[in-house]
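The values are calculated or read from the model by the stated rules, or taken from the named source; none is laboratory data. Note that the coordinates shown come from a computational prediction; the quantities given were computed from them, not determined experimentally. Backbone-built Cβ (ideal geometry, glycine too); neighbour counts: all protein chains shown.
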Amino acid sequence: MRKSSPALRLILPVAGIGIFLAIARRSMSGPARNLSVPQPAKAVDLHRYLGRWYEIARYENRFERGCDGVTADYALRPDGLIAVVNACRKRSSRGVTRVATGRAKIISGSRNAKLRVSFFGPFFFGHYWVLDHGDDYEWSLVGEPSGRFLWILCRDPIPSAATFENLLNRARAMGYDTTRLRRTQQHPS
């Protein structure tokens, strides 16, 4: 019986893990809902973007299934990365809170509009693109390059109907199917 080389014994498991991760990542993300994701429209002033955001609507995804009262808090860390704390309430805007803590790194040359976010260590990351934002940083449209995810965020947990309609129009203009958005229920502060 022929023995395999040490290099081959190392490459096969690593290749198997890579294939598994690629399949898992693809199955986790669902179908693309925007086949032509635009580049971010504006630079982001990081210090103005930090703080609390309320999720107003999103494309449904596995990691937020059943979540309402969703918030995202961003803060600058001493190491230059951004601390990310996402919270949601299960089954209602007043349900049990679930929290996920991660970190984000700004992608060089992106005018602070593209980040890589990790909640599960250095090997599992997601793209976070600030596609557009208000000049006053009161709202933000967030996506990523695959077109599978979209989030509409506001500083106000319950924006006016006119503001929400304006944000839907902006998302449509970027090629997103807004009929597929799930409106996030928020409890007034």
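Summary of computed values
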| item | result |
| --- | --- |
| Number of positions in region 120-166 that are among the β-branched types (Val, Ile, Thr) and closer than 20 Å to GLY102 by Cβ | 2 |
| Failed criterion for ARG94 (all others in (1) in a loop (DSSP other than H, G, I, E, B); (2) touching a Lys or Arg at 6+ places or on another chain (Cβ under 8 Å); (3) of a type in the set (Lys, Arg) hold) | (2) |
| Residue within region 89-98 that is under 15 Å from TRP53 (Cβ atoms) and either free of Cβ contacts under 8 Å to residues at least 60 places away in the same chain or surrounded by 14 or more Cβ atoms within 10 Å (Cβ to Cβ) (or both) present | no |
| Test: residue in region 152-175 that is within 20 Å of GLU64 (Cα to Cα) and of a type in the set (Lys, Arg) | yes |
| Verdict on ARG26 being modelled with pLDDT under 95 and outside any loop (DSSP other than H, G, I, E, B) | yes |
| Counted residues, region 128-167 - those being surrounded by 15 or more Cβ atoms within 10 Å (Cβ to Cβ) and without any contact (Cβ under 8 Å) to a residue 24 or more places away in the chain | 2 |
| Close pairs from region 39-62: first closer than 13 Å to LEU131 by Cα, partner surrounded by 13 or more Cβ atoms within 10 Å (Cβ to Cβ) and acidic (Asp, Glu), Cβ under 8 Å, at least 6 apart | PRO40/ASP132; ALA41/ASP132; LYS42/ASP132 |
| Single residue of region 90-129 satisfying the filter (among the charged types (D, E, K, R) and out of contact with any His (no Cβ under 8 Å at 6 or more places or on another chain)) that is farthest from HIS187 (Cα to Cα) | ARG111 |
| Breaking point among (1) assigned to a loop (DSSP other than H, G, I, E, B); (2) over 22 Å from GLY175 (Cβ atoms), for LEU35 | (2) |
| Out of VAL84, VAL130, VAL117, VAL142, sole residue that is in contact with a helix residue (DSSP H, G or I) (Cβ under 8 Å, 6 or more places away or on another chain), under 22 Å from VAL44 (Cβ atoms) and outside any helix (DSSP H, G or I) | VAL130 |
| Among the candidates ALA75, ALA57, residue that is at pLDDT 95 or above, buried (at least 17 other Cβ atoms within 10 Å of the Cβ) and either in a strand (DSSP E or B) or not basic (Lys, Arg) (or both) | ALA57 |
| Among the residues listed as GLY109, GLY134, the single one being modelled with pLDDT of 95 or more and more than 21 Å from GLY80 (Cβ to Cβ) | GLY134 |
